[in-house]
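Visitor: Before I ask anything, here is the structure I am working with.
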Amino acid sequence: MYRLKNVTKRYDAKGRTVTALNDVTLEIPDGQLVAIQGPTGGGKSTLLQMLGALDRPTSGTVELGDASLGTLADSRLTGIRGTEIGFVFQGFNLIPTLTALENVETALVPLGVSADERRDRAARALESVGLGDRGDHRPAELSGGQQQRVAIARALVKEPNVLLADEPTGNLDEDTRDEIMDLLEGLWRDRGLTLVIVTHDSAVARRAQRRLHIKAGKVKELA
Amino acid sequence: MFGTYLRRELLGRRRQTIIIAIGMALAIALVIIVNSVATGVRDAQAQVLRSVYGVGTDITITRPVTPPSGTDQGGQGARGPRFDFGAGAGDASGDGSRTVHSSRLTVGFGTQTMAATSLTTVQKVHGVEAASAVLSLTNTTFDGTLPSFGSRQQGGAGATPAPSGGSDAKGGSSFDVDSFTVMGMTPGGRAVGPLSATTLAKGRTLAASDEGKHVAVLDSSYAKSKSIGVGDTLSIGGTDFTVVGTVSPTGSDSATASNVYIPLDVAQKLSSQTGKVSTIYVQAESASAVDSLKASLQKALPKATVATQADLAANVSGSLGSAGQLVSNLGTWLSVIVLAAAFLIAILFTISGVTRRTREFGTLKAIGWSNRRVVGQVAGESVLQGLVGGIAGIAIGLIGVLVVNVVSPTLTGGLSSGRGVAGSMAEGARRTFGGGTGQTGRFGGAFGGASSGARSAAATQVDLSAPVTAWVIALAVALAVLGGLLAGAIGGWRASRLRPAEALRSVQ
Ligand SMILES: Nc1ncnc2c1ncn2[C@@H]1O[C@H](COP(=O)(O)OP(=O)(O)OP(=O)(O)O)[C@@H](O)[C@H]1O
Ligand SMILES: [Mg+2]
């Protein structure tokens, strides 16, 4: 359960201040599938950073369960990111020198599980996204859709409560986009995740339970 | 994961790894080679000093040479022997030319004597373990035929008839000048001084009972070159000496400090230097007190030159001296510069690597990697790159050292003049001939086998070997790790400052 109260985020860059989020108050119950839309520069990624404990608000509070993400120490935030939150990025963000399996394994490193268990769980996660036979491939040897599947496996291997995806289909063609959305939706349904997807794509947004629109830092609910 | 990630990164970004490793390898190899050669040169210098000054000599005392006055030209007086042949000297032969023979035992050039009582003064100085005194001399033998100058001496300002007679019957003359170095030393006293670095090759050494006797010990290589054996006689300063033994330098195949060693009192008498010595060898009670002992000795003998082994090492001349200079100056600077360049390359490449991998590290942080883990990964990569370079560098360095040892260049080392022993003797011999150059031209004469004896005493030949010590290897590894750590620390610091939000933002 996310609780955002009067969240404002300002960036100071090159002498001028940009208000990326402007007094946002918002609740996201556990297990909800939320789509966030809006024009470019509206503040979508900034909101996702607040939800993902990647950055702190300038003012206001962000709570995930009992944890206040705005005031916790960096090391606690690192811990929360490592255990409770999974990320899927627009650019996949796989580590180019590691194999698909090893990329998935990196998400288990903060949990301190044994090497054997790590490999097992990573292999199962890859299988669950349909890439069980491509574990030893480097990202460069995989298609865009396959890379995003690896990234999803990496986000889900630690069995988080929350999955945050920033334009997960932005780099993919329509068929692959639908394929990835099917996958995310399926996982969301199976695991009871809280799934927040930032997207430009109305086709993607239509599949969500709830749609938010952000423009100039202001959040609006869409029916 | 740490190991897997490390391996994948180093192999996956091979170009960067290779460049950093090559830079480090070259620097490390250079450090090893320079270090080993420097050690080798130091050993060689010590060997030269040992052969000249003996083992255990900490300090030598000599009298500084006063520069000759302007009127004293032609290699006379203190600068070398002078041969004066009167009109009737030598044995007249049928054609009017005369055969002359003269042998002089004089103080070597560049050598100034001091009173033998200085030795007693030295022995009384606190901190002196042992001391001995020697008198360095040069024996010069002149054998030759002089043409007849009869008509020239009689003729006035008119036409001068050509001189007749001589070796070529046209007034030419033939000289054979031979010189060798003679050292007068206290018989029986071998503890400190030049003979302490020698091993008896044949016969016996000088014993205390030899005092006042005409007996000599020869440098074995000089004896060999002159075909003189034990039991033979040798003319020194016109007096016949019996050769009782030969000595060779310990641990080297070169020459000892002098060609010939004779009892000190005999040397003093024959060279008319009664009560004089030229060098005092001092052994300090403790090696750590050498510098303070030097000061005390200087105070006791204010007019003398007091030199420690370290002072003398700076005076080693010849190719050995040049090698020493080259290694200590160029070699050290080159190592420092190449090392700095290698470190800089490693640091710059690591920083650019971290910058390039902003998104990668941001992603890792975003999925829960702690700062410490990310920094450790960056530092680990750098240290490993440094180590790979270091190991390659050790291999290259060892090959380089092996090449030096296989080639084993022979270095010649002597001591610059002014210290009064070997080096100055060769100088003395040369000056002596210089004094006669004018006459050479006029007589068209031939000088025979000049200064071979003096030369062999002046220079010591040492084969350079470059030893590799465990210390050098440890130093090399430490430097490689240090370079890696430095680059890793700087790169890691950059990585630690990356915010996890960069994972969303930074576009490749
Ligand atoms: N680190 C930053 N420094 C300065 N300004 C920033 C920073 N991050 C975001 N901004 C600014 O905040 C505003 C919101 O940015 P944000 O990335 O959240 O937009 P977005 O809705 O995700 O846009 P897009 O659809 O293009 O990804 C923009 O005006 C942006 O320039
Ligand atoms: Mg965005």
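Visitor: Just for strands (runs of 3 or more DSSP E) wholly inside the stretch B:212-279: which have at least 1 residues that are in contact (Cβ under 8 Å) with a residue 60 or more places away in the chain and among the aliphatic types (A, V, I, L, M)? Working first, answer last.
Guide: Details: elements: B:215-219, B:233-236, B:239-249, B:260-263.
Qualifying strands (runs of 3 or more DSSP E): B:233-236, B:260-263.
Visitor: For the stretch A:38-80, what are the residues that are open to solvent by less than 20 Å² (accessible area, probe 1.4 Å) and within 16 Å of ligand 2 (Cβ to nearest atom)?
Guide: Those that are open to solvent by less than 20 Å² (accessible area, probe 1.4 Å) and within 16 Å of ligand 2 (Cβ to nearest atom): A:38, A:42, A:43, A:44, A:46, A:47, A:48, A:49, A:50, A:51, A:52, A:54.
Visitor: Now, a different point. Count, please, the residues in the stretch A:88-100 that happen to be at pLDDT 95 or above and more than 10 Å from chain B (Cβ to nearest Cβ).
Guide: 1
Visitor: In the set B:250, B:256, which member is surrounded by fewer than 21 Cβ atoms within 10 Å (Cβ to Cβ) and within 20 Å of residue B:197 (Cα to Cα)?
Guide: Checking each option against the conditions leaves just B:250.
Visitor: Then there's this: Can we say residue B:64 is surrounded by fewer than 23 Cβ atoms within 10 Å (Cβ to Cβ), under 30 Å from residue B:194 (Cβ atoms) and at pLDDT 75 or above? Can you show your working first?
Guide: Values: surrounded by fewer than 23 Cβ atoms within 10 Å (Cβ to Cβ): yes; under 30 Å from residue B:194 (Cβ atoms): yes; at pLDDT 75 or above: yes.
In short, yes.
Visitor: Still on this structure, please answer the following. On the given criteria, is residue B:378 touching a residue at least 12 places away in the same chain (Cβ under 8 Å), surrounded by 23 or more Cβ atoms within 10 Å (Cβ to Cβ) and of a type in the set (A, V, I, L, M)? Quick ask: steps written out before the conclusion?
Guide: Working: touching a residue at least 12 places away in the same chain (Cβ under 8 Å): yes; surrounded by 23 or more Cβ atoms within 10 Å (Cβ to Cβ): yes; of a type in the set (A, V, I, L, M): yes.
Yes, satisfied.
Visitor: Looking at the structure I just gave you, is residue A:70 touching a Pro at 6+ places or on another chain (Cβ under 6 Å) and in a helix (DSSP H, G or I)?
Guide: On the way: touching a Pro at 6+ places or on another chain (Cβ under 6 Å): yes; in a helix (DSSP H, G or I): no.
Answer is no for this residue.
Visitor: If you go through the stretch A:106-127 one residue at a time, how many are in contact with a helix residue (DSSP H, G or I) (Cβ under 6 Å, 6 or more places away or on another chain), touching a residue at least 24 places away in the same chain (Cβ under 8 Å) and within 11 Å of another protein chain (Cβ to nearest Cβ)?
Guide: Going through the stretch A:106-127, the residues in contact with a helix residue (DSSP H, G or I) (Cβ under 6 Å, 6 or more places away or on another chain) turn out to be A:107-108, A:110, A:118, A:122, A:125-126.
Of the ones still in play, those that are also touching a residue at least 24 places away in the same chain (Cβ under 8 Å) are A:107-108, A:110, A:122, A:125-126.
Narrowing further to those that are within 11 Å of another protein chain (Cβ to nearest Cβ): A:107-108, A:110, A:122.
Of the residues in that region, 4 qualify.
Visitor: I would also like to ask the following. Being closer than 30 Å to residue B:410 by Cα, open to solvent by less than 60 Å² (accessible area, probe 1.4 Å) and touching a residue at least 12 places away in the same chain (Cβ under 8 Å), is that true of even one residue in the stretch B:357-365? So that I can check it myself, show each step before the final result.
Guide: Initially, the stretch B:357-365 is screened for residues closer than 30 Å to residue B:410 by Cα, giving none.
The answer is no, given that none of the residues of the stretch B:357-365 is closer than 30 Å to residue B:410 by Cα, open to solvent by less than 60 Å² (accessible area, probe 1.4 Å) and touching a residue at least 12 places away in the same chain (Cβ under 8 Å).
The values are calculated or read from the model by the stated rules, or taken from the named source; none is laboratory data. All figures in this text were calculated on a predicted structure; none of them were measured in a lab. We place every Cβ from the backbone using ideal geometry, glycine too, and count neighbours over all the protein chains shown. Note: areas computed on protein heavy atoms with side chains; ligands, DNA, RNA excluded. Shrake-Rupley method; radii C 1.70, N 1.55, O 1.52, S 1.80 Å.
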